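Worksheet: one structure, shown below.
The values are calculated or read from the model by the stated rules, or taken from the named source; none is laboratory data. Because the structure is predicted, anything quoted here is derived from the model rather than measured. Because the Cβ atoms are built from the backbone with ideal geometry, glycine has one as well, and the counts that use them run over all protein chains shown.
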C-alpha cells in the first residue's frame, strides 16, 4: 500500500468527523467566546476550516516562513460560509495528497523570520499541521458547543448526546 492511501483514508475520516461539529455552530452565537482571550466560536470554526490550506504549502513548497503568512481572517458571517470554506479547503488538500511515497517523504521546513524551527518529512508535517491541528481545535470546538448547550456529535465513540 502506498503511503498516500493510508493518509487519504485518515484524512477523509477526520474531515467527515470535523464537518459534523462545524454543522452545529449556531449562526446566532458566532461571536460568543468562553473567555475574553479566546477565539469566538465562529472564528474557531473558520480557523478549523482554513487549516487544510496548509496542505498545499506543505506538499508544494520545500519550506514556509511564518513571516509570510497571510493576516488572520475576519470573523465569518454565517455557519454556511464556514462550511463552504471548509468544503473548498478540504477538497483542495485532498487533491494535494495524490503524491508518491518519495514526494511524501521529502523534507519540509518551517521557518520564522528566516530561522529554521524544524524540518520533517512532508507526510509528518501534513499530519501535524493539518490533521493534528484540526483534531486539536475540533476538541476545543466540542467544548464551545457543550458550553452553549448544543448537542456534541459522536467523534471517536458515543458522546453524552449521541449514542453512535
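Exactly one residue out of 155, 150 is within 22 Å of residue 11 (Cα to Cα), surrounded by 13 or more Cβ atoms within 10 Å (Cβ to Cβ), in contact (Cβ under 8 Å) with a residue 12 or more places away in the chain and out of contact with any strand residue (DSSP E or B) (no Cβ under 9 Å at 6 or more places or on another chain), and it is 155. The set of residues from region 1-37 being touching a helix residue (DSSP H, G or I) at 6+ places or on another chain (Cβ under 9 Å), over 19 Å from residue 93 (Cα atoms) and outside any loop (DSSP other than H, G, I, E, B) comprises 21, 27, 29.
The helices (runs of 4 or more DSSP H) falling completely within region 50-133 that include 3 or more residues that are under 19 Å from residue 17 (Cα atoms) map to 79-96.
Could you go through region 85-104 and let me know if any residue there is in contact with a strand residue (DSSP E or B) (Cβ under 9 Å, 6 or more places away or on another chain) and more than 30 Å from residue 148 (Cβ to Cβ). Yes: one or more hits. When you check residue 135 against the structure, is it more than 29 Å from residue 38 (Cα to Cα), touching a helix residue (DSSP H, G or I) at 6+ places or on another chain (Cβ under 9 Å), surrounded by 12 or more Cβ atoms within 10 Å (Cβ to Cβ) and at pLDDT 95 or above, yes or no? Spelling it out, it is not the case that residue 135 is more than 29 Å from residue 38 (Cα to Cα), touching a helix residue (DSSP H, G or I) at 6+ places or on another chain (Cβ under 9 Å), surrounded by 12 or more Cβ atoms within 10 Å (Cβ to Cβ) and at pLDDT 95 or above.
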